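Since the structure comes first, as structure tokens, the remarks are kept for the end.
All of the numbers you see were taken from the coordinates with simple rules; none came from a lab. Predicted model only: the values in this text are computed from it and were never measured. Because the Cβ atoms are built from the backbone with ideal geometry, glycine has one as well, and the counts that use them run over all protein chains shown.
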Ligand SMILES: NC(=O)c1ccc[n+]([C@@H]2O[C@H](COP(=O)([O-])OP(=O)(O)OC[C@H]3O[C@@H](n4cnc5c(N)ncnc54)[C@H](O)[C@@H]3O)[C@@H](O)[C@H]2O)c1
């Protein structure tokens, strides 16, 4: 452990919490994952270990660095254990009341200068920050999925975010190996404003029979240079998550291009949520690689 290591608490041990915990441990931070039950917490810690093992096997990290990063990750179901956190990254359900409630509880546990980062995709950072007595410390940090592989984080201040918190957030994200773009506290920030309608168009093209999932994915990777096509990506994100994000943007922005196509609802009804259930657009033997 380096002398400069901070303590980062990650709230939520799901898809994003597991990925963000990996980023933090690999980025030299002491990392504590918090969730409501032990099984979820253990799942996230196992995910971090699994990711580091895979990185080691691929030669992307050395044995000592992997062992050190693994030793930095712990988990808890007790909020009081987060008392020493320098930064709290919240990645719980996309539910305003749940997120606000957590900030309120943490106000009484952590130091007044602890940074509060929310990974919300569609909610207002300002509204989430209102759950804290110190909204100046709250910053929106929107990681891309899968968080350990995607370098970019969108940073959005709430109405009352303090300049010190904004600057400290940019410095912190750079320290853990992320690149940042600063955007506004608006639904979908930059990326989901065009990514969601684009993914919906790809699903519409599939439903209209313009191509198969394979040919549409191949067209996108071959012509646009994306590392993966829309259907591989949607399977990682999760069809349920896509539906929720798309619906929230549709409700707020009232533009039909954000509305999830009916095929998404049929897939959800069938339990075909993507990699995490073993079947989405494609089928998977390994449901754990990027799944919750
Ligand atoms: N999945 C994505 O592609 C993606 C990308 C960027 C941002 N996000 C955002 O990240 C957040 C998490 O999304 P996810 O996909 O990881 O969800 P997820 O459902 O995989 O995980 C959410 C976790 O939060 C936990 N949780 C719920 N209430 C809690 C509470 N009160 N205290 C502690 N833990 C609690 C759940 O038990 C679960 O483990 C959401 O705000 C989402 O909008 C998701």
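Observations on the structure shown:
- Centre-to-centre separation between the Cα atoms of region 72-142 and those of region 206-260: 30 Å.
- Reported value for region 173-224: 111 Å³ per residue, from the convex hull of its C-alpha atoms.
- Scattering profile of region 217-276 at q = 0.13, 0.15, 0.19, 0.26 Å⁻¹ [log10 I(q)/I(0), Debye over alpha-carbon scatterers]: -0.39, -0.51, -0.76, -1.01
- FRET efficiency for the residue 134 to residue 80 pair, using the beta carbon distance and R₀ = 25 Å, is estimated at 0.85.
- Mean-square fluctuations from a GNM of the chain, with a 10 angstrom spring cutoff on Cα atoms, peak among 272, 185, 38 at 38.
- Each principal axis of region 88-227 carries a Cα extent, and these read 55, 31, 22 Å when sorted largest first.
- Residue 204-residue 46 FRET efficiency (beta carbon distance; Förster radius 41 Å; 0.05 resolution): 0.65
- The sum of -39500 (n - 2.57) across all DSSP H runs of n ≥ 4, divided by the residue count of the chain, sets its helix-only mean residue ellipticity at 222 nm to -14000 deg cm²/dmol.
- Averaging 1/r across all pairs of distinct Cα atoms in region 2-137 and inverting the result yields a Kirkwood radius of 15.0 Å.
- The chain - share of DSSP beta bridges that are antiparallel (%, nearest 5): 20 percent
- Using only Cα coordinates, the Kirkwood hydrodynamic radius of the chain works out to 19.6 Å.
- Sorted peptide list for 115-124, 128-137, criterion being average Cβ within 10 angstrom, highest first: 115-124, 128-137
- The translational diffusion coefficient of region 58-118, from Stokes-Einstein at 25 °C and 0.890 mPa s with a Kirkwood hydrodynamic radius over alpha carbon pairs, comes to 179 µm²/s.
- The share of alpha-carbon pairs in region 167-292 lying farther apart than 18 Å comes to 59%.
- Degrees between helix 15-26 axis and first principal axis of the chain (Cα, 0 to 90, nearest 10): 50 degrees
- Helix axis angle, 163-175 relative to the chain longest principal axis, alpha carbon, degrees: 70 degrees
- Translational D in µm²/s for region 143-193 (Stokes-Einstein at 37 °C, 0.692 mPa s, Kirkwood Rh from C-alpha pairs): 284 µm²/s
- The chain: angle of helix 191-207 to the longest principal axis, Cα-based, in degrees nearest 10: 30 degrees
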